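Read through the structure below, which is laid out as structure tokens, and then see the notes.
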Amino acid sequence: MWIRIDCSLFETNQHINSLRQLLQIMTYKSKFNFFIDIGAIKNESIFDLFYPEINEIISHNYSLFISSSPTCNITISENQSGLSIEEAIIFLSNKFYIILENSTYDAHFLQALLREFKSKSKKINNHKENGWLDFQMGGGAENIIPFLNGKDLKTYRCFVLVDSDKEFPLESNKKTVLENFCITNNIPYHILEKREMENYMPSDIVENINLLSQSIKSYILLNSAQKDFFDLENGYAMSRPNLEIRKKLVHTFYSDVSDPNYDNLRNGLKSEFQNFKKEFSELFISATQEGLLQRTAEQNNPNELRDILQKITIQL
């Protein structure tokens, strides 16, 4: 994340104490990239009031910004369009949270991405190792908005990552309310393309849960799109005739599944576990980059996993 600090804050010495505090936060362990247009500041003597190492970082960031022309995510200024110095100090001091529907189980999926896509995860892992980033329990998608409404959204730093909960590819967006809330409040977010995080589990890992299980054998026979939207825990949850009556489009989506395989998958894979949510999510510990990429190769956005990491990185 690049932050622009407006030149007007340096034209007098009235903000000097706040600027010192702000720059100390931003330069500690090179936590943030920031740009100050030092060439446009007339009050050059103000830099004598900062530590020499701070001025070196200011100069380095200036050169880096001029050479790379990145986009600034945040502006710190006296104008209402940006953050004030006081707000910026609070905002940049706050830990960054990745909000998950269930931080206990869903974290295993995200940890697999951080582990297997190291080149895309450098900044995220650095923030996590330094205690600047953590996972936050959202309490289910329906509780994320009430949770966020309890925060000062101007200074609360977060990224929302949720399941799509879609039962077939062309189903309408089930997270419209949450998505609109995030857009309105400038909260970065990502809604998964597949039904749930469990649907990103590499097929070879699922197959090896129980080589003798008829349910798992039937799951492996599903095509890639069907695996993307199948409820791994609960299955179809009803008979085929009832599915046709109650969820005709879902029934059509699985129409090429044989009756024996349908029956094997009617109740999902939960019988293979004592605690499905806990034990299945822990299988991501064994996921490899190759396996994760194979599971996303045929979806609309095969680069989704890298895109998630990039979306988070630009907020740091």
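Just a few scattered comments:
- Number of positions in the stretch 147-178 that are in contact with a Leu (Cβ under 6 Å, 6 or more places away or on another chain) and free of Cβ contacts under 8 Å to residues at least 60 places away in the same chain: 1
- Hits in the stretch 34-66 (condition: in contact with a strand residue (DSSP E or B) (Cβ under 9 Å, 6 or more places away or on another chain) and open to solvent by less than 40 Å² (accessible area, probe 1.4 Å)): F34, F35, I36, I58, N61, F65
One line per residue, one yes/no per condition, for (1) of a type in the set (D, E, K, R); (2) under 25 Å from L192 (Cα atoms); (3) in contact with a Pro (Cβ under 9 Å, 6 or more places away or on another chain):
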| position | (1), (2), (3) |
| --- | --- |
| L212 | no, no, no |
| I216 | no, yes, no |
| L221 | no, yes, no |
| D231 | yes, yes, no |
| L249 | no, yes, no |
| S255 | no, yes, no |
| S258 | no, no, no |
| L265 | no, yes, no |
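- Flag for D256 being more than 16 Å from A112 (Cα to Cα), modelled with pLDDT of 95 or more, among the charged types (D, E, K, R) and open to solvent by 30 Å² or more (accessible area, probe 1.4 Å): yes
- Checked against (1) touching a Ser or Thr at 6+ places or on another chain (Cβ under 6 Å); (2) free of Cβ contacts under 8 Å to residues at least 60 places away in the same chain, L192 passes all but condition (2).
- Search result, residues across the stretch 1-33 that are surrounded by fewer than 13 Cβ atoms within 10 Å (Cβ to Cβ) and either touching a strand residue (DSSP E or B) at 6+ places or on another chain (Cβ under 6 Å) or hydroxyl-bearing (S, T, Y) (or both): T12, Y28, S30
- Filtering the stretch 91-103 for residues that are more than 30 Å from K277 (Cα to Cα) and buried (at least 16 other Cβ atoms within 10 Å of the Cβ) leaves a non-empty set.
- Taking the criterion of being assigned to a loop (DSSP other than H, G, I, E, B) and charged (D, E, K, R), the residues of the stretch 23-53 that qualify are K31, D37, K42.
- Count - residues of the stretch 247-275 that are under 17 Å from N208 (Cβ atoms), in contact (Cβ under 8 Å) with a residue 40 or more places away in the chain, out of contact with any Leu (no Cβ under 7 Å at 6 or more places or on another chain) and not polar (S, T, N, Q): 1
- Looking across E207, E193, one residue alone is open to solvent by 20 Å² or more (accessible area, probe 1.4 Å) and under 24 Å from P260 (Cβ atoms). It is E207.
- None of S215, S281, S271 is of a type in the set (G, A, S), assigned to a helix (DSSP H, G or I) and within 19 Å of A107 (Cα to Cα) except S281.
- The residue that is least open to solvent (accessible area, probe 1.4 Å), among those in the stretch 67-80 that are assigned to a loop (DSSP other than H, G, I, E, B) and under 29 Å from E129 (Cα atoms), is P70.
- Tally, over the stretch 168-197, of residues that are among the charged types (D, E, K, R) and more than 16 Å from the chain's Cα centre (by Cα): 2
- Members of the stretch 122-160 found to be closer than 17 Å to F96 by Cβ, in contact with a helix residue (DSSP H, G or I) (Cβ under 7 Å, 6 or more places away or on another chain) and of a type in the set (A, V, I, L, M, F, W, C), listed by number: I124, L133, F135, I144, F159, V160
- Check on E233, under 23 Å from N102 (Cβ atoms), open to solvent by 40 Å² or more (accessible area, probe 1.4 Å) and at pLDDT 95 or above: yes
The values are calculated or read from the model by the stated rules, or taken from the named source; none is laboratory data. In this text the structure is predicted, and so the values were computed from the model without any measurement. Glycine also receives a Cβ, built like all others from the backbone with ideal geometry; neighbour counts cover every protein chain displayed. Accessible surface areas use protein heavy atoms only, side chains included; no ligands, DNA or RNA. Shrake-Rupley method; radii C 1.70, N 1.55, O 1.52, S 1.80 Å.
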